[in-house]
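One structure is given here, and the rest of the page talks about it.
The values are calculated or read from the model by the stated rules, or taken from the named source; none is laboratory data. Keep in mind it's a predicted model, so treat the numbers as computed, not measured. Here the Cβ is made from the backbone with ideal geometry for all residues, glycine too, and neighbour counts use every protein chain on show.
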Amino acid sequence: MVSFISTVPSFVSLIPLPSGSFQTYSTTPHSSPINCKIGADFDGDDRFPRRRLLHCLGATIGMDFIARSSSFVEVANAADLIQRRQRSEFQDKIKGTLFDALKGNPDIVPSVLTFALNDAMTYDKATKSGGPNGSIRFSSEISRPENKELSPALTFLEEVKKEIDSYSKGGPISYADLIQCAAQSAVKSTFLASAIRKCGGNEEKGALLYRAYGSSGQWGLFDRQFGRSDAEQPDPEGRVPLWATSSVQAMKDKFSAVGLGPRQLAVMSAFLGPDQSATEALLASDPEVSPWVQKYQRSRETVSQTDYEVDLITALTKLCSLGQQINYEAYSYPVQKVDLSKLKL
């Protein structure tokens with residue numbers, strides 16, 4: 001590290017000179033200074049302006065500080081990388097737990113999807129309140145008419161949470177995160193099941209088909225929305241429609257209120273009730289929604305289902321982040337330090 005004093009000469013040559021009479025110094029060895037009339041900014045002959053010299057020293061000290069602080073930046077970057085790895089590993093383990101749990105209870109998938117939708121649909125743009133904050137877990141909210149069929153989903157997720165919390169090194173998972181991660185796993189399970197059906201029920205071939213043609217890479221932004229905080233009380237009533245009895249217009253109005261349109265309404269038909277076919281038949285009666293319903297029905301008949309899958313992932317990603325402040329340090333934990341003095345070489 002070069003000391004800041006040793007850098008002063010190089011800065012001297014860069015000092016801006018007054019536009020009027022001044023004295024300049026040559027940095028060439030054995031050269032004589034050019035003597036000019038001294039201005040009022042100087043203390044005396046053959047000396048630099050104090051003000052400009054202080055500016056020079058201040059800049060030099062600042063650069064010296066920046067150089068010395070680079071080690072702190074490196075430490076901060078390393079800590080950030082460690083936290084990212086910890087969160088990523090935790091997420092991967094959560095996905096495995098949820099996949100196994102859903103595979104053992106496939107009938108719960110529709111309820112898990114609606115559960116995630118209803119938790120998020122409490123979002124209110126005007127007040128910036130509600131959204132996917134886990135408030136649906138409160139007894140007064142889960143008992144509302146729009147949620148009365150979703151108690152099994154809550155029971156299911158409570159059991160999954162116990163398992164996840166048992167191996168979490170960075171504290172218990174929030175319900176807000178768990179609910180949306182469960183929706184992600186439920187969506188993936190439906191695509192995997194579709195691939196298996198297209199392979200005549202062969203699970204191994206179906207898994208290969210899904211890995212080859214699925215849109216797993218589209219989940220990157222969804223995975224970064226990890227670190228939601230739980231609400232401490234139920235969200236206000238009257239924000240979520242009773243999907244089973246709502247008109248298409250009422251559904252469109254609600255989706256529009258949270259920033260989603262007819263396209264997202266059509267692609268999320270599986271979230272609106274246990275009978276997707278019946279829901280889509282209703283949605284197809286609306287001229288705005290019908291083209292999208294038909295588009296996704298055709299897409300599901302293809303091997304890749306790309307249009308349907310990509311648009312569904314995009315819609316769910318937007319839904320799962322409505323009004324949420326993500327804590328990107330959540331679930332990270334201090335790394336145990338190694339005592340080098342105890343290592344045997």
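Tell me which of these VAL258 doesn't satisfy, since it passes every other one: (1) β-branched (Val, Ile, Thr); (2) touching a Leu at 6+ places or on another chain (Cβ under 8 Å); (3) closer than 24 Å to GLN297 by Cβ.
(3)
So how many residues does the stretch 104-116 have that are surrounded by fewer than 24 Cβ atoms within 10 Å (Cβ to Cβ) and either under 19 Å from the mean Cα position of the chain (by Cα) or of a type in the set (A, V, I, L, M) (or both)?
So the answer is 2.
Just to be sure, is ASP107 closer than 23 Å to ALA330 by Cβ and either touching a strand residue (DSSP E or B) at 6+ places or on another chain (Cβ under 9 Å) or without any contact (Cβ under 8 Å) to a residue 24 or more places away in the chain (or both)?
Working: closer than 23 Å to ALA330 by Cβ: no; either touching a strand residue (DSSP E or B) at 6+ places or on another chain (Cβ under 9 Å) or without any contact (Cβ under 8 Å) to a residue 24 or more places away in the chain (or both): yes.
No: the conditions fail for ASP107.
Which residues, taken from the stretch 213-247, are of a type in the set (Gly, Ala, Ser) and either over 15 Å from LYS188 (Cβ atoms) or not in a helix (DSSP H, G or I) (or both)?
Scanning the stretch 213-247 gives GLY214, SER215, GLY227, SER229, ALA231, GLY238, ALA244, SER246, SER247.
Given the criterion crowded, with 18+ Cβ neighbours inside 10 Å, at pLDDT 95 or above and under 30 Å from SER229 (Cβ atoms), identify the matching residue among GLN264, GLN324.
Working: GLN324 fails: at pLDDT 95 or above.
It is GLN264.
Just checking, how many residues over the stretch 119-135 are free of Cβ contacts under 8 Å to residues at least 60 places away in the same chain and crowded, with 22+ Cβ neighbours inside 10 Å? Give the steps one after another, and end with the answer.
To start, the set of residues in the stretch 119-135 that are free of Cβ contacts under 8 Å to residues at least 60 places away in the same chain comprises 126-127.
After this cut, where a residue has to be crowded, with 22+ Cβ neighbours inside 10 Å as well, the list is none.
So the answer is 0.
Any idea which residue in the stretch 145-172 is modelled with the highest pLDDT, counting only those that are basic (Lys, Arg) and surrounded by fewer than 19 Cβ atoms within 10 Å (Cβ to Cβ)?
Within the stretch 145-172, the match that is modelled with the highest pLDDT is LYS162.
Among the numbered conditions (1) over 30 Å from ALA330 (Cβ atoms); (2) surrounded by 16 or more Cβ atoms within 10 Å (Cβ to Cβ), tell me where ARG228 comes up short.
(1)
What pairs come out if I take residues in the stretch 218-231 that are closer than 14 Å to LEU178 by Cβ and pair them with residues that are surrounded by fewer than 21 Cβ atoms within 10 Å (Cβ to Cβ) and of a type in the set (A, V, I, L, M) whose C-beta lies under 6 Å away, six or more apart or interchain?
Going by the 6 Å Cβ cut-off, the qualifying pairs are GLN225/ILE326; GLY227/ILE326; GLY227/ALA330.
Looking at the stretch 183-218, which of the residues that are under 16 Å from the mean Cα position of the chain (by Cα) and at pLDDT 95 or above is nearest to THR314 (Cα to Cα)?
GLN184
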